[in-house]
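The values are calculated or read from the model by the stated rules, or taken from the named source; none is laboratory data. Since we're looking at a predicted model, the values are computed, not measured. Virtual Cβ from ideal backbone geometry, glycine too; neighbours counted across all protein chains shown.
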Amino acid sequence: MRSEDGCPWDREQTFASLQKYMIEEAYEAVESSQNILENNKESINEFCSELGDVLLQIYLNSQIAQEKNYFNIRNVFENINHKMISRHPHVFEKGNESITNASEVIALWDKIKESEKSKNPDANKDQKISLLKKAIKKKSLPTLNFGTEISKSAWKIGFSWQTMQEVFQDVLSEVQELEDEIQEKDLNIEKVIDELGDVIYSLCNLVNFFKETRNDAVTLDFDLIARASFQKFINRFNEMENIMLENKTPLDEESAKKLTLDQWNELWKKAKKRRYR
């Protein structure tokens, strides 16, 4: 596809231009897997297809790397193969089968990872030690998940509220500070943005506290929580459109603008009583 006889679009792509596609394809694959978890068996083929799209991004980036004499797709396979073997001695080394549960696997993984980095000649260039270093290394995560990782690191060293109520009160406090800024006569947009960020991070703290203190919440993922909320809104809005269609007044951009706030609220209430709750 990137040859002279290939596709003009593919030939123009770079590491930078492909970044957004890598993210988009990964998210679409996650969404498809979520549909399967919700017992939507029709999504199995879709999930397979989305995984192929993710794989295509790996091949495209590897091809560009090969053209620049950095590495090739074979190197990618060899690296991940070596990593899986070296970080699973309890599987691949005889006499090293002491690991019995997932928590021990994670602890061993982190230990081996740190050991590998200490052997890297570039690892000691920066002598600065940060208690949040593990979280900072995950800044490539989706923004909300990155926030919960920072909160997790702080929580592990004791820099955290002690009870759920305290964490929640902190959320309310940040919301109040945001409200105070919004109500200022001379609105300072920079301060509003700053307070918005504080509200978002306080929610990261709340999500992380749930994960760290409740066994039934360990799989909480802030990004997926947010996406589920977005989808709920989409579902309810679609239901409002269905209601209007049943009333022989289909919604379009023109008719929607004519609805009053009270009419929108009434539609929303009706939609909530239907299938999507």
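Looking only at segment 202-220, filter to residues that are part of a helix (DSSP H, G or I) and among the polar types (S, T, N, Q); which one of those is farthest from residue 147 (Cα to Cα)? Walk me through how you get there before you give the answer.
Taking segment 202-220 as the starting set, the residues that turn out to be part of a helix (DSSP H, G or I) are 202-213, 215-217.
Now drop any that are not among the polar types (S, T, N, Q), which leaves 202, 205, 208, 213, 215.
Numbers: 202: 9, 205: 8, 208: 9, 213: 17, 215: 21 Å.
It comes out as 215.
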> Can you spot a residue in segment 46-67 that is in contact with a helix residue (DSSP H, G or I) (Cβ under 6 Å, 6 or more places away or on another chain) and free of Cβ contacts under 8 Å to residues at least 12 places away in the same chain?
Replying inline: no
> Quick one: is residue 176 over 17 Å from residue 208 (Cβ atoms), of a type in the set (S, T, N, Q) and not in a loop (DSSP other than H, G, I, E, B)?
Replying inline: yes
> Within segment 216-224, can one find any residue that is more than 18 Å from the chain's Cα centre (by Cα) and either in the same structural domain as residue 148 (by TED's automatic domain parsing) or exposed (fewer than 11 other Cβ atoms within 10 Å of the Cβ) (or both)?
Replying inline: yes
>> Any residue that is loosely packed, with under 14 Cβ neighbours inside 10 Å, at pLDDT below 90 and aliphatic (A, V, I, L, M) - is there at least one of those in segment 237-253?
In response: no
